[in-house]
Amino acid sequence: MKQPSNEKFKTMIGGQALIEGILMRGPDKDAVVCRQNGELVTEVTPRKLPPENSPKRWPLIRGVVNFFDSQAVGIKALMRSADLSPEETGEEPGKVDQWLEKKLGDEKFQKFLLGSAVALGTGLSILLFFLLPMIIGGFFDRWVKSNVAICLIEGLVRMAIFLAYMIAVSRMKEMKRLFSYHGAEHKTIRCYEAGLPLTVENVRAQTRLHPRCGTSFLLVVMILSILIFSVASSVLLALVPGLEVMRGTFLYRLIMILFKLLLLPLVVSVAYECNRWVGRHDNALSRVLTAPGMWFQYFTTNEPDDSMIEVGIAAVKAVLPEQEGVDRW
């Protein structure tokens, strides 16, 4: 495995792989860089950040805010990269799309599509990685009386589904190039953090693994959900003794599922704070905490070719702050 050069500092700059491109987010601007017909197309937009004293910046609130903001910006960039993709289907928009665009207008139609995509993506993720494991785990409550054990079963099922899903996706032919751009994004940020000139040769020598990867974040969410759901469910059962006698019933399962779903924002927030901490520190504890996510990136990143690295370099350069060090994590 290639090792990164010694880091000079840790940056807040991060990104996302797109269709033949990369989204990079800096301290005050975002950049979408895609390769179209062999040429690089760069689109830079300013970031709308909340004021310094805004509650949106408070710990345990900023995690949820940043999660949905990243979802919206990421999906919008992915849609834009699809527009810039050289592959043209030649198909006309469907009648429903034409009707919606006519009624809503082009700008409102785009916002509608973006909102729908965010809602659908978030909903499917909750359904597949949280609701389904809860339902499966609930069937064990007739035989398993320990609430902690039930949450552990749910967590193991959740992890199994997540791992199976990501491994299956990583083997899809269409996703291999996307994951290579993911690798290019990581490598370029590693090179920048090492204080090296952003050249293809320097970037190529870096590792494609990065502790602040979104994949690692999701894995942290999965692990933390086991702990938080276990503690919170035990507290609920202690405060409402009547629930215990309902164990094994449909109503009991429904109450516990709804309760855990309400806890999801807390899980995301705690995971975000953990991600911030490990992103700022490089010690034995941080390396232990990031090890599972770093290992899993072998499935979600591939080694990029030089043309992909060029995209990563252009994307990082496009979001570098004018004042050096402003992007320090």
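Students sometimes get this wrong: rank ASP327, ASP83, ASP305 by accessible area, probe 1.4 Å, all chains present, largest first.
Of ASP327, ASP83, ASP305, the descending order of accessible area is ASP83, ASP305, ASP327.
Please work out how much accessible surface GLU39 shows to a 1.4 Å probe, ignoring ligands, DNA and RNA, in Å² rounded to 10.
That residue has around 120 Å² of solvent-accessible surface.
Excluding HIS182 itself, calculate the net charge of residues whose Cβ lies under 12 Å from the Cβ of HIS182, where each Lys or Arg counts +1 and each Asp or Glu counts -1.
Taking every Cβ under 12 Å from that of HIS182, the sum is +2.
I'd like the accessible area for TRP329, computed on protein heavy atoms only with a 1.4 Å probe and all protein chains in place. Round to 10 Å², please.
Surface accessible to solvent at TRP329 totals approximately 60 Å².
Give me the net charge for the shell around ILE223: Cβ to Cβ below 13 angstrom, other residues only, Lys and Arg +1, Asp and Glu -1.
Once all neighbours under 13 Å are counted, the net charge is 0.
Between the range 217-282 and the range 50-70, what's the alpha-carbon centroid distance in Å?
If you average the Cα positions of each part, the centres end up 21 Å apart.
Which residue, GLY115, GLY279, GLY137, tops the fluctuation ranking in a GNM of the chain built on C-alpha contacts under 10 Å?
GLY115
In the Gaussian network model of the chain, springs joining C-alpha atoms below 10 Å, which of ALA72, ALA160, ALA31 carries the largest mean-square fluctuation?
Top of the fluctuation ranking is ALA160.
Based solely on its DSSP helices, what 222 nm [θ] is calculated for the chain when runs of n ≥ 4 H residues each add -39,500 (n - 2.57) and the sum is averaged over all residues, nearest 500 deg cm²/dmol?
-20000 deg cm²/dmol
Under the rule of at least 5 residues apart or a separate chain, name every residue whose amide H is placed under 5 Å from the amide H of LYS10.
Here the answer is TRP329, since their amide H atoms fall under 5 Å of that of LYS10.
Above 19 Å lies some portion of the pair distances; for the range 11-73, what is it as a whole percent of all C-alpha pairs?
39 percent
Once the other residues with Cβ under 11 Å from the Cβ of PHE139 are scored (Lys, Arg +1; Asp, Glu -1), what is the net sum?
My count for the surroundings of PHE139 gives 0.
How big is the accessible area of VAL148 in square angstrom, nearest 10, if you roll a 1.4 angstrom probe over the protein chains?
The accessible area comes out at roughly 80 Å².
Only four residue types carry charge here, +1 at the Cβ of Lys and Arg and -1 at the Cβ of Asp and Glu. Report the dipole size of the chain about the Cα centre in Debye, rounded to the nearest 20.
Roughly 1140 debye for the chain.
What is the Cα coordinate range of the chain on the first, second and third principal axes, sorted by size from largest, in whole angstrom?
66, 57, 45
The values are calculated or read from the model by the stated rules, or taken from the named source; none is laboratory data. Worth saying up front: this structure is predicted, and the values here are computed from it rather than measured. Backbone-built Cβ (ideal geometry, glycine too); neighbour counts: all protein chains shown. Just the protein is used for accessible areas: all its heavy atoms, side chains included, with ligands, DNA and RNA removed. Shrake-Rupley method; radii C 1.70, N 1.55, O 1.52, S 1.80 Å.
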